[in-house]
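Beneath this line is the structure, given in structure tokens, with notes to follow.
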Amino acid sequence: NAEYGGSNVASDTTNGFFMDVNEQIDYACNAIKKDAKLQDGYNAIGFSQGGQFLRGLAQKCPNPPMKQLISVGGQHQGVYGLPHCPGSWFVCKEVDKLLDMGAYTDFVQNRLVQAQYWHDPLNEDQYKKHSKFIGDINQEGAVKAEYKENLMRVSNITFVKFNKDTMVVPRESEWFGFYKPGQAKELMTLQESEIWTEDKLGLKEMAKTEGRLSFLSIDADHLQVPAKFWTDEIIPRLKH
């Protein structure tokens, strides 16, 4: 079904708001498995929410292998705010309506992509119990050993953060940082989080080998990537 995977801009945009993330990952996994050119492995670049979606793909779909993951503005600890909805007026009104109903209700979790990576630091228990996507792949609930094992099979992971990002709240999520639990002002780094201290995803272990984890930043707003950044930082990584 071409429309299911996004046959045009309109369907892609709609799917980006209302198609279950885990279904999107299953769709991508099946498509990659059928592509003869990718059977020896592939490099993946994800923009904005595509960054965490591709990480989810690496954790859930290890074959064919993802060799390298480059996340450009991805929100790996989720978001707590949507200050600039990129969709149409109708889509954004629907997003607001659903979030107002409660991000962690089954009804909303099953219908809204952004709810699936909504991370409320004031309601950490609800987040850990009911987040269908970001809480799941971050091992916040039931621990799945294969998620860690599969992510560690990726040779290199690069996280790109936009220092002047006005779309992502908090922007530190692009480097796996977030608010400290129980409030929404004081931030913590990846290295201060349980994801690192308990090594839930294998990132701490990966960091022991030089070059496997990279954290880059751009002094610009969301997804405003200078051409020089591509030629100096991204393209050389894809040649390895």
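The values are calculated or read from the model by the stated rules, or taken from the named source; none is laboratory data. Keep in mind that this is a model prediction, so the values were computed, not measured. A quick note on method: Cβ atoms are made from the backbone with ideal geometry, for glycine too, and the neighbour counts reach across all protein chains shown. Just so you know, the surface numbers come from the protein's heavy atoms only, side chains and all, with ligands and any DNA or RNA stripped out. Shrake-Rupley method; radii C 1.70, N 1.55, O 1.52, S 1.80 Å.
For this structure, a couple of remarks:
- Residue list for the stretch 101-127, given a label point 7 angstrom along the Cα-to-Cβ vector of Thr197 and an amide N cut-off under 18 Å: 121-122, 124-125
- Summed residue charge, Cβ within 10 Å of Leu187's Cβ, Lys/Arg positive, Asp/Glu negative: 0
- Contour excess over end-to-end distance, with Cα ends at Gln39 and Lys204 and 0.36 nm allotted per residue: 56.6 nm
- Using a simple spin-label model with pseudo-atoms 7 Å out from Cα toward Cβ, Ala184 and Ala220 lie 2.9 nm apart.
- Charge-dipole axis of the stretch 113-240 as Lys and Arg at +1 and Asp and Glu at -1 on Cβ define it, positive-most pick from Pro236, Pro170, Asn156: Pro236
- In this structure, the amide hydrogen of Ile45, modeled 1.01 Å from its nitrogen in the peptide plane, lies closer than 5 angstrom to those of Ile70, counting only residues at least 5 positions away or on a different chain.
- The distance between label points at Cys92 and Asn22 comes to 3.1 nm (points 7 Å beyond Cα on the Cα→Cβ vector).
- Accessible heavy-atom area order of Met167, Met19, highest first, probe of 1.4 Å: Met167, Met19
- Relative contact order of the chain: 20 percent, from C-alpha pairs under 8 Å at least 6 residues apart in sequence.
- Hz values of 3J(HN,Hα) by residue in the stretch 168-173 - Karplus curve (6.51, -1.76, 1.60), Gly and Pro given as x: 9, 10, x, 5, 4, 4
- Dividing the helix sum by the residues of the chain, where each DSSP H run of 4 or more adds -39500 (n - 2.57), gives a mean residue ellipticity at 222 nm of -9500 deg cm²/dmol.
- Karplus 3J(HN,Hα) series, Hz, for the stretch 202-216 with 6.51 cos²θ - 1.76 cosθ + 1.60 (x for Gly, Pro): x, 5, 4, 5, 4, 5, 5, 9, 4, x, 6, 10, 10, 10, 10
- FRET efficiency estimate (nearest 0.05) - Cβ-Cβ, Lys239 to Thr105, R0 45 angstrom: 0.45
- Mean sequence separation of contacting Cα pairs (under 8 Å, at least six apart), scaled by the length of the stretch 153-240, corresponds to a relative contact order of 37 percent.
- Normalised radius of gyration (Cα atoms, divided by 2.2 N^0.38 Å) for the stretch 25-87: 1.23.
- Carbon + sulfur, % of accessible area of the chain - ligands and nucleic acids excluded, 1.4 Å: 52 percent
- The chain, dipole about Cα centre (Lys/Arg Cβ +1, Asp/Glu Cβ -1), debye to the nearest 20: 560 debye
- Cα principal axis extents for the chain, largest first, Å: 46, 43, 38
- Remark: the chain carries 49 Å² of accessible area per residue (probe radius 1.4 Å; ligands, DNA and RNA excluded).
- Probe 1.4 Å - accessible area at Val143, Å² to nearest ten: 110 Å²
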